[in-house]
């Protein structure tokens, strides 16, 4: 993944913010690591370049960059956020609560639902990256087998 640092810096200036060296390091780390990265991974990555950068600064910068819609955040498991550089077309995830499997869900799958909600309620939805939690087909089959076979013998 890549990011256009000059364009991002201009966007931040227009919003009244600066692209600080710390923010740039953190944005570069998200980009370098690629895909969905946990805040801990970003922190470890920037420690190689800037060992004095503390964990709180990394977390604040990730939050700021998400608020500015420069990166996206999504839950990959309950209570655990991951970050990534957004792609041209948003995508979403189906995440299994049992095995952790993640299935990419294209934005087109949700587009009509979002349009219907926006039309009906006059509400603009910011939907960059959503995770739906449940149970994948394999885990559901396993749960069914476990239920059918009864409780384990003691």
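Residues in region 55-70 that are buried (at least 18 other Cβ atoms within 10 Å of the Cβ) and within 17 Å of residue 18 (Cβ to Cβ): 57, 61, 62, 65, 70. Looking across 69, 98, one residue alone is more than 12 Å from the chain's Cα centre (by Cα), assigned to a loop (DSSP other than H, G, I, E, B) and either in contact (Cβ under 8 Å) with a residue 24 or more places away in the chain or under 25 Å from residue 4 (Cβ atoms) (or both). It is 98. Applying the set (1) surrounded by 13 or more Cβ atoms within 10 Å (Cβ to Cβ); (2) over 26 Å from residue 31 (Cβ atoms); (3) modelled with pLDDT under 90 to residue 117 leaves exactly one unmet item: (3).
One residue stands out in region 101-125 among those that are out of contact with any helix residue (DSSP H, G or I) (no Cβ under 9 Å at 6 or more places or on another chain) and in contact (Cβ under 8 Å) with a residue 24 or more places away in the chain: the one that is nearest to residue 36 (Cα to Cα), namely 102. Might you check whether a residue that is under 15 Å from residue 82 (Cβ atoms), part of a helix (DSSP H, G or I) and touching a strand residue (DSSP E or B) at 6+ places or on another chain (Cβ under 8 Å) occurs anywhere in region 18-27? Taking every residue of region 18-27 in turn, none turns out to be under 15 Å from residue 82 (Cβ atoms), part of a helix (DSSP H, G or I) and touching a strand residue (DSSP E or B) at 6+ places or on another chain (Cβ under 8 Å). Report whether or not residue 58 is in contact with a helix residue (DSSP H, G or I) (Cβ under 6 Å, 6 or more places away or on another chain) and touching a residue at least 12 places away in the same chain (Cβ under 8 Å). Yes: the conditions hold for residue 58.
Kindly indicate the residue of region 28-53 that is out of contact with any helix residue (DSSP H, G or I) (no Cβ under 9 Å at 6 or more places or on another chain) and under 28 Å from residue 16 (Cβ atoms) and also surrounded by the fewest Cβ atoms within 10 Å (Cβ to Cβ) among those meeting that condition. Out of the qualifying residues, it is 52. None of 92, 129 is within 23 Å of residue 68 (Cα to Cα), part of a strand (DSSP E or B) and touching a residue at least 40 places away in the same chain (Cβ under 8 Å) except 92. Checked against the criterion of being closer than 29 Å to residue 11 by Cα and not assigned by TED's automatic domain parsing to the domain that holds residue 4, the candidates 123, 133 yield just one match: 123. Among the conditions (1) surrounded by 15 or more Cβ atoms within 10 Å (Cβ to Cβ); (2) closer than 26 Å to residue 139 by Cβ, the only one that residue 98 does not satisfy is (1).
The values are calculated or read from the model by the stated rules, or taken from the named source; none is laboratory data. Note that the coordinates shown come from a computational prediction; the quantities given were computed from them, not determined experimentally. Quick reminder, even Gly has a Cβ in these numbers, built from the backbone with ideal geometry, and neighbours come from all protein chains shown.
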